[in-house]
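The values are calculated or read from the model by the stated rules, or taken from the named source; none is laboratory data. Note that the structure is predicted; figures quoted are calculated from it, not measured. Cβ atoms come from the backbone with ideal geometry, glycine included; neighbour counts cover every protein chain shown.
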Amino acid sequence: MNGSSIVDTWSKEDCLTLLERIRSLLPDGDAMKYKTTESHFDWEKVCFGGFTGDMCKQKWAKVSTEVRKFRTMTELIVDAIEFVKNPYKGKKLKTHPDFPKKPLTPYFRFFMEKRAKYAKIHPEMSNLDLTKILSKKYKELPDKKKQKYITEFQREKESFEKNMARFKEDYPELIEERKKSDLPEKPKTPQQLWYNHEKKTYMKLHPDVSQKELKEALRRQWSQLSDKKRLKWISKALELQKDYAGCMRVYQEAHPDAEEHVKSVLTKAERQLKDKFDGRPTKPPPNGYSLYCAELMVNMKDVPSTERMVLCSKQWKVMTQKEKDMFQKRCEQVTYMSVLFLQSLPEEERDRVMTEEKLGGSRLGMGGVGSPHRSKSPSAKVGLTKLQQVCHHLFSHKVGFLLGYSEAGLWLSERCREAEQGHWVHSGLTAKEKRDGKKRTKLPETPKTAEEMWQQGVVGDYLANDRKKTQSAMESAWKAMEKKEKIPWIKKAAEDQKRYERELLEMRTAQAGAGQRKPKFEGEPRKPPVSGYQMFSQELLTNGELNHFSLKERMVEIGKRWHKLSQSHKDKYKKLVEELQIEYKAELEAWVKSLSPQERAVYEEFSTTVSFTLSNTQVVVFLTATQRSTSYTMS
């Protein structure tokens, strides 16, 4: 008796008996890999009736191929029993002997009819080449001849649908009905909406088209669609997304454990197109120098990229303070236009744009959609924005972390709530900001070397001659100059050095009296979060997920979610923060090395001063928060 005939003699009842006998012999607390347990098995103890140990082993080998094996033998037996009871369930339904056969498409009918003929004519051709030829032949076929295959397909399709309905009636236990869920359907993207709309029209014109060809053809059409037509579908997608967000809020109230995030249905390019259509201005540069570089580089495409920033820096240094202030003023005007645009947007859109552009700092103090007491006064809004910046400053400088988010966050949220109602802002923060604005001073302009002094005077002439080699040509010319020619420039550089030292001394004296915090240094890397909790908080506050909470409730909700996280998730955040801190230290070291000796000395001096000031600030804020929380408790 060979292997195949042995297998064929097993009935369904025999198979279930075999599996039950195997299960009865499994060790208690089975935790080993199934192969290990199987290798220790004594199959002579499994045999029963007319089936020997070898026959039982062969049948088990066949049955076990039908179930997933990355488990223990105990778990495997449960699935094996289920398979023997219902061998055609799920994906194996189509292997059932009574399952109706799907009709061939018109193209495959033509392919099967002609393949043998063309294979004889072209024996040297591979199957792939034959398929290409027959596909081309079918496309070139007249409609009258194509109709023959289409008619046969439609006739068999009707028969298939009838047989399928009969199969469902005969075997209802094999047909798995999808459980209906009250989870809202995710909104479709503009391209998906357009695809579903155009699909029916295209298939009417091309009834024999395959799904792959259909998708490719419509993908090409979408890429060539005009902006005006594309905007129509972008608007529809945004409307559906808004409805979905509302439905999700209702769903999350009924299912508090649901973790469904509302993601944007638009790509970056689609979002930019919509913003452009809405009149959104371009992102304002951070300062006048950035604006100057951006405008200058438009006309410097012929200059090597490595030299562009060097030339921008040199030309910026040549400019007078009045010219620099003019660029700074223009930069502020662009920022002002962006603010006006933001004020014209609905609340949700404004939150999104502020998140993208990082205007107004962190979303820590921003009121969500459901904030109840929103002040209508423009001055109160300005005050609130200033307060948000203070909140962001405190948290980014470790104060929030050192105090603990539960206490510092609660205190700051309370202040933000008062600001929304129009209190506290005008009398305290606005006045302080105005005082700080008057006292704020800039770092002295870095002293120039003799070579830089000379280059400032001649850079225009060199740019006019050969833009690509401007920098190298000036360096070569300076080296070739005699010492007596350099003396005037050396004297100017010495005067500039004295000017710098004088201004720096004046600034230090003024800073010591005012107790001002460290000035912002251009190009200084931004500090990353200092703890896993801070990173987790920033993610939730910036992705818009907590917009439906009030300011105070957001920090409470973040604390709850952090508490629910598993230790492994918390460790992931901690590890990510450690990696960011390492990157930040490396970037900071590289940036400090790039500074001139004078700038480095100023930076290090202010860093030391601010570290001491910050430690004092932490004590003051901690005492303030403690006093306020005590007063709230007593009241």
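So that you can scan it fast, the table gives a plain yes or no per residue for (1) closer than 12 Å to residue 80 by Cβ; (2) acidic (Asp, Glu); (3) surrounded by fewer than 13 Cβ atoms within 10 Å (Cβ to Cβ):
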site	(1), (2), (3)
16	yes, no, no
21	no, no, no
28	no, yes, yes
34	yes, no, no
42	no, yes, yes
54	no, yes, no
60	yes, no, no
63	yes, no, no
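Somewhere in region 238-260, is a residue in a helix (DSSP H, G or I), among the hydroxyl-bearing types (Ser, Thr, Tyr) and under 27 Å from residue 338 (Cα atoms)? Reasoning before the result, please.
Of region 238-260, the ones in a helix (DSSP H, G or I) are 238-254.
Then drop every residue that is not among the hydroxyl-bearing types (Ser, Thr, Tyr), which leaves 244, 251.
This time we only want the ones that are under 27 Å from residue 338 (Cα atoms), so: none.
There is no residue in region 238-260 that is in a helix (DSSP H, G or I), among the hydroxyl-bearing types (Ser, Thr, Tyr) and under 27 Å from residue 338 (Cα atoms).
Which residues, counting only those in region 20-60, are assigned to a loop (DSSP other than H, G, I, E, B) and more than 51 Å from the chain's Cα centre (by Cα)?
Residues satisfying the conditions are 25, 41, 42, 43, 44, 45, 46, 47, 49, 50, 52.
Can you tell me which condition residue 235 does not meet? The list is (1) hydroxyl-bearing (Ser, Thr, Tyr); (2) at pLDDT 85 or above; (3) under 30 Å from residue 100 (Cβ atoms), and all the others hold.
(3)
Can you tell me how many residues within region 304-340 are at pLDDT 80 or above and not in a helix (DSSP H, G or I)?
2
Enumerate the pairs (first residue in region 18-43 and under 14 Å from residue 57 (Cα atoms) and of a type in the set (Lys, Arg); second residue anywhere and at pLDDT below 80 and not in a helix (DSSP H, G or I)) with beta-carbon separation below 9 Å, excluding pairs fewer than 6 apart on the same chain, so at least 6 apart or on different chains.
Final answer for the pair search is 35/69.
What residue, among those in region 65-74 that are over 37 Å from the mean Cα position of the chain (by Cα) and more than 19 Å from residue 44 (Cβ to Cβ), is modelled with the highest pLDDT?
Taking the candidates together, the pick is 65.
On the basis of being modelled with pLDDT of 80 or more and either out of contact with any Ser or Thr (no Cβ under 8 Å at 6 or more places or on another chain) or surrounded by fewer than 15 Cβ atoms within 10 Å (Cβ to Cβ) (or both), does residue 96 make the cut?
No: the conditions fail for residue 96.
Do we have residue 601 as modelled with pLDDT of 80 or more, hydrophobic (A, V, I, L, M, F, W, C) and at negative phi here?
When the stated conditions are applied, residue 601 does not pass them.
Out of the residues in region 478-513 meeting the condition of being loosely packed, with under 12 Cβ neighbours inside 10 Å and among the small types (Gly, Ala, Ser), tell me which one is modelled with the highest pLDDT.
Filtering first and then ranking leaves 480.
Scanning region 173-196 for residues that are in a helix (DSSP H, G or I) and at pLDDT 75 or above, which turns out nearest to residue 272 (Cα to Cα)?
Our first condition is that a residue be in a helix (DSSP H, G or I); within region 173-196, this holds for 173-174, 190-196.
Okay, now just the ones that are also at pLDDT 75 or above, so 190-196.
Details: 190: 14, 191: 16, 192: 19, 193: 19, 194: 19, 195: 21, 196: 24 Å.
In this case the residue turns out to be 190.
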